[in-house]
Amino acid sequence: MKIKVLMVCLGNICRSPLAEGILKSKVDPANIFVDSAGTAGYHVGHGPDPRSIEVAKEHHIDISGQRCRKFQEEDFYSFDHIFVMDKENYSNVCALAPSEDHKKKVRLLLERTDSAYREVPDPYYGGQDGFEEVYHLIDKACDMLLQDLNATNDLKNER
């Protein structure tokens, strides 16, 4: 059974598209499906920020075909894991949860890393260096996440 993972930030143009692209580059798509969304609908239908596209491209990941969408309550039923970039988006996503069990699917992406950060900073109002920093934070978190997802998938396959 395929594991479904959703990455969430505010606008779905900077951090969550990078997280989607990075994690997709590390997983077997036959076993793990990855998508992204934003809690705000400012950019629905638009592609990622050009700076996110550029930093991903520098690391051999193409996110240019992604399109922004807004997080919806239905996502709780469609996804096994929902990773948010910061505490504000964590609160916004949890506020839409239909039950406490659904809230348990929501976690901060950086919660298990040894980074000084507990949240992925929003690089939108900064320069290219901020996007590079965010890329590396997300990349490290995705490496750890991949270990967890593979372990979970192995357990599912054993049943």
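Some points to look at:
- Around the Cα centre of the chain, unit charges on the Cβ atoms of Lys, Arg, Asp and Glu (plus for the first two, minus for the last two) sum to a dipole of about 380 debye.
- Ordered by the number of other Cβ atoms lying within 10 Å of each residue's own Cβ, fewest first, 135, 42 fall into the sequence 42, 135.
- Loop-resident sites, segment 41-149, for trypsin sites (Lys or Arg not before Pro), counting at most 15 other Cβ within 10 Å (DSSP): 67, 104, 112, 118
- Residue among 52, 78, 16 with the largest mean-square fluctuation in a Gaussian network model of the chain, springs linking Cα atoms under 10 Å: 78
- Given (i) 46, 41, 30; (ii) 51, 36, 33; (iii) 47, 32, 31, the label whose value is Cα extents along the principal axes in Å derived from this model: (iii)
- Amide H contacts under 5 Å for residue 70: 38, restricted to partners 5 or more places along the chain or on a different chain, H placed in the peptide plane at 1.01 Å from N.
- Note on residue 144 and residue 59: the model spin-label points, each 7 Å out from Cα along the C-beta direction, lie 1.5 nm apart.
- For the chain, the relative contact order is 27 percent, taking Cα pairs closer than 8 Å that sit 6 or more residues apart in sequence and dividing their mean separation by the residue count.
- Of the residues 124, 37, 72, the one whose Cα sits farthest toward the positive end of the charge dipole of the chain, with +1 on the Cβ of Lys and Arg and -1 on the Cβ of Asp and Glu, is 72.
- Note on residue 30 and residue 114: the model spin-label points, each 7 Å out from Cα along the C-beta direction, lie 3.5 nm apart.
Here, each number is a calculation from the coordinates, and none is a lab measurement. Being a predicted model, the structure only gives us computed values, none of them experimental. Every residue, glycine among them, receives a Cβ derived from its backbone with ideal geometry; neighbour counts consider all protein chains shown.
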